[in-house]
Amino acid sequence: MYLYNSATHKKEEFKTHTPNHVEMYTCGPTVYHFAHIGNLRSYIMEDVLEKYLRYVGYDVNRVMNITDVGHLTSDADEGEDKMLKGARREHKTVMEIAKFYTDAFFADCKKLNIKRPDVVQPATGLIDDYIKIITKLLDTGYAYIAGGNVYFDTSKLERYYIFNDHNEEDLAVGVREGVEEDTNKRNKNDFVLWFTKSKFEDQALKWDSPWGVGYPGWHIECSAMSNRYLGKTIDIHCGGSDLAFPHHENEIAQSEAANGCKFVNYWLHNGFINIDNKKMSKSLGNFFTVREAAAAYGYDCIRMFMLMSHYRSPLNYSGEILMQAKAALERLRTAKSNLEFFIANGRDGDLSEADAAFAAGLDQYREKFDAVMDDDFNTADAISVIFEMVREINTAVSPAADPSKALAQACLERLLELCDVLGIPFGSDSSEDPEAKAIEEKIAARQAARKAKNWAEADRIRDELKAQGVEVTDMPGGAKWKRV
Ligand code: AMP
Ligand code: ZN
């Protein structure tokens, strides 16, 4: 398997630190607002990677932080903490805001078929760990105290700007428009490890420390958490590409300075969800929350929309592309319900020799699927492979082919195996429709009318179902239905 490593700017063969075991760290959400669909791109892509790693036989341990403190809009003291901003907006405490939006985040994840990481740790829960690391950095000369805050001294590093070769001026923290330069810093890229000088007075965001009452900088939480739960060197670290600098750069600086060894072997960064070619972001105000997008298109369609592009490519949020995703999902659902129909109504008996050969032939799609997923988990190509397989299955398991139950079953297993790796949701198929039972009863009544050659009654029931948004297709041996 090859993964594109942002730290070396190339695809590299994936080798784990410990055989068959992957230690994976994900920068989690800042819980001051509902997640927007750009945020969820990161978590969907990480979920697919985790599912694929498990499918090829790795055991995965995944850790995610919840940023509930210290995420400033700038590292300068004048920056605004996002959590405090959220609390002021809603006239609640920071802890109330954190709890509410953490729960909302995981509720969204569940609906998007994203597995919860093995460890989920709020940043406010590990203050002692930050203090230990910061103390070590001060003792070894990598950190200094100025104006009451503790800063990391980037001039002590042998290498910085690992992720890019941008012009230093562009990247320097504190030169963003409207943000005052923090004059305590010795070097412009130095960053705060611990704040004591804060203009914020919220008690919930203050802890005692050897340097005074205050709160941690944003970057330290991820260094401390990955160290505590995954060890000094981890296999994979993920996040959106906006996190590469300065957040991930600074995580590397702190972790490698404190531990004296390599922090991360593979850095994976997803591209942005854009609106009119601009990054979707809360600060620009051009965002759709997952809930807003789901109200229009459904959660399943959002996941499919993400899967249909490669995770590193930019992806434009547009109704047209979402509708394409919906149509693609519908084709898969139709293929699945067709197979289920023949599992119930196809010919009895074991797989014939020809059927067994056909089913074995489907293995080529699994091989193709594995090949494209092994190449930096290209979900867009993986979906194309699934559709190639579906075309072949649809012909072999059709009324004209008079297929056996056993063949339909073998095809369904092949289809679900690949769809499951991508987490393609089949949730709203007929079996989950709240009216499914009543619809099935009407269809049975219609079948009985047809058997009795009472065509008028059969047509009446069909029209009634149509008015309910249900389309019925007669098949040899029965009828199948779908929502239209
Ligand atoms: P935040 O909640 O702001 O800390 O961000 C959570 C995750 O979403 C991070 O991995 C970000 O890099 C990622 N992210 C933010 N905006 C976008 C976007 N428009 N497209 C893709 N990923 C994004
Ligand atoms: Zn992080």
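Nothing in this text is a laboratory measurement; each read-out follows from the coordinates by a stated rule. Quick caveat, the model's predicted, so the values are computed rather than measured. All Cβ positions, glycine included, derive from the backbone under ideal geometry; neighbour counts span all protein chains shown.
For LYS156, which lysines qualify as cross-link partners when the Cα separation must be under 23 Å and same-chain residues fewer than eight apart are set aside?
List returned: LYS132, LYS136, LYS185, LYS188, LYS232, LYS262.
Would you calculate the separation in nanometres between label points at ALA400 and ARG89, each defined as 7 Å from the Cα along the Cα-to-beta-carbon direction?
5.6
Which residues among segment 263-303 fall inside the zone where the amide N is under 19 Å from a point 7 Å beyond the Cα of SER313, along Cα→Cβ?
Residues 269-280, 301-303 fall inside that zone.
If you average the alpha carbon positions of segment 127-167 and of segment 444-484, how far apart do those two centres end up, in angstrom?
Taking the Cα centre of segment 444-484 as reference, the centre of segment 127-167 is 71 Å away.
For the chain, state the average projected area of the convex hull of the C-alpha atoms over all orientations, rounded to one decimal in nm². Each step should come with its number before you reach the end.
Working: hull surface 103.9 nm².
In nm², the orientation-averaged hull projection of the chain is 26.0.
Please give the contour-minus-distance gain from TYR55 to ASN286: 0.36 nm per residue of separation, less the Cα-Cα distance, rounded to one decimal in nm.
79.5 nm
Which ordering of TRP194, TRP207, TRP267 is given by a fewest-first count of other beta-carbon atoms within 10 Å? Present the calculation step by step, with values, prior to reporting the outcome.
Details: TRP194 26, TRP207 16, TRP267 23.
In increasing order of surrounding Cβ atoms, one gets TRP207, TRP267, TRP194.
Can you give the percent of C-alpha pairs in segment 1-160 whose distance is more than 19 Å?
67
Please rank LYS51, LYS132, LYS10, fewest neighbouring Cβ atoms within 10 Å first, as an exposure proxy.
Values: LYS51 18, LYS132 14, LYS10 9.
So the residues, fewest neighbours to most, are LYS10, LYS132, LYS51.
State the dimensionless ratio Rg/Rh of segment 79-122 (Rg: radius of gyration of Cα atoms; Rh: Kirkwood radius).
Across segment 79-122, the Cα-based Rg/Rh ratio is 1.07.
Could you tell me the distance between the Cα centroids of segment 250-288 and segment 365-395, to the nearest Å?
Cα centroid to Cα centroid, the span is 29 Å.
Tell me the label-point distance for the pair CYS261, SER337, using the 7 Å Cα-to-Cβ offset, in nm and rounded to one decimal.
5.4
Give the peptides 135-146, 351-362 in descending order of average Cβ contacts within 10 Å, highest first.
Answer by packing, highest mean first, reads 135-146, 351-362.
Taking R0 as 51 Å, what FRET efficiency do you get between ALA356 and PHE100 from their Cβ-Cβ distance, rounded to the nearest 0.05?
0.40
On C-alpha positions alone, give me the angle between the axis of helix 363-374 and the longest principal axis of the chain, in degrees, nearest 10.
Approximately 20 degrees, to the nearest ten.
Percent antiparallel among DSSP beta bridges with both residues in the chain, to the nearest 5? Intermediate results must be reported in sequence, preceding the final value.
Numbers: 25 of 49 bridges.
Bridges in the chain are about 50 percent antiparallel.
Lysines near LYS85 by alpha-carbon distance under 24 Å, same-chain residues fewer than 8 away left out - which ones?
LYS85 reaches LYS99, LYS197, LYS199, LYS206, LYS278, LYS279, LYS282.
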